[in-house]
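Report on one structure; see the data block that follows.
Each value in this text was obtained by applying a stated rule to the coordinates, not by laboratory testing. Just so you know, these numbers come straight off a predicted model, no measurement behind them. Here Cβ is always computed from backbone atoms with ideal geometry, including for glycine, and neighbour counts include all displayed protein chains.
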Amino acid sequence: MAQERIDGRYVHKVVPRNVLLARVERRVGEGECYEAEMVMDTDHPFFFEHPLDHIPAMMLVEAGRQMGIAISHMFLDVPFGYLFATQGFDIHFTEFAELHEPVVITSSVSDKKFRRAMMVGLKLEGRFAQGARQLGRMTGEFAMMPPELWRRYRRRQMLRVEP
């Protein structure tokens, strides 16, 4: 049975096939903890460009990255249109992800940063699992900002680059 992907706006994807999350939910009674199911698309032209007997690590990493963006828009009131800059990832896998078992990602939010009552940064600590089997963990830090602030930072950065 095909999984229904979440709306691409929540993960900044235009091509539906590149949305790697089927659902994102807040875990009841667990504070700022969230759970998502990863979309299993073994025909994806990038992640499965050659035959594999497991889910590639980069597909798991992209699903984890998308989860951080989705949580921010769906639950933490970060407006659509804000741009996200990855500030860091720490990734460690201990098991192979099997092709025909659902992957569940759990993630908790910490270190939220605010400017003028608007969230501008956060840290997520996540785990990948298939059933009771833990596959690995991923920690990510993001900065988020409105487009006009993004353009100002990028312009300033480009002025510092010498030809």
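For region 116-130, the set of residues classified as free of Cβ contacts under 8 Å to residues at least 24 places away in the same chain and touching a strand residue (DSSP E or B) at 6+ places or on another chain (Cβ under 7 Å) consists of LYS123, GLU125, ARG127, listed by residue number. For region 1-56, filtering for residues that are of a type in the set (Ser, Thr, Tyr), in contact with a helix residue (DSSP H, G or I) (Cβ under 9 Å, 6 or more places away or on another chain) and closer than 24 Å to GLU95 by Cβ leaves 1.
Scanning region 74-115 for residues that are in a strand (DSSP E or B), among the β-branched types (Val, Ile, Thr) and in contact with an Asp or Glu (Cβ under 9 Å, 6 or more places away or on another chain), which turns out farthest from LEU60 (Cα to Cα)? Write out each step before concluding.
If we filter region 74-115 for residues that are in a strand (DSSP E or B), which is where we start, we get 83-93, 97, 104-115.
This time we only want the ones that are among the β-branched types (Val, Ile, Thr), so: 86, 91, 104-106, 109.
Filter once more, keeping what is in contact with an Asp or Glu (Cβ under 9 Å, 6 or more places away or on another chain): 86, 104-106, 109.
Values: THR86: 16, VAL104: 10, ILE105: 9, THR106: 12, VAL109: 18 Å.
For region 74-115, the residue satisfying everything is VAL109.
So in region 116-159, with the set limited to residues that are part of a strand (DSSP E or B) and polar (S, T, N, Q), which one is nearest to the chain's Cα centre (by Cα)? Taking the candidates together, the pick is THR139. Applying the condition of being closer than 22 Å to GLU30 by Cα and not acidic (Asp, Glu) to region 75-101 and asking which residue is surrounded by the most Cβ atoms within 10 Å (Cβ to Cβ) yields VAL78.
Going by what's in this entry, would GLU37 be described as among the acidic types (Asp, Glu) and in a helix (DSSP H, G or I)?
No; evaluated as a whole, the condition is false for this residue.
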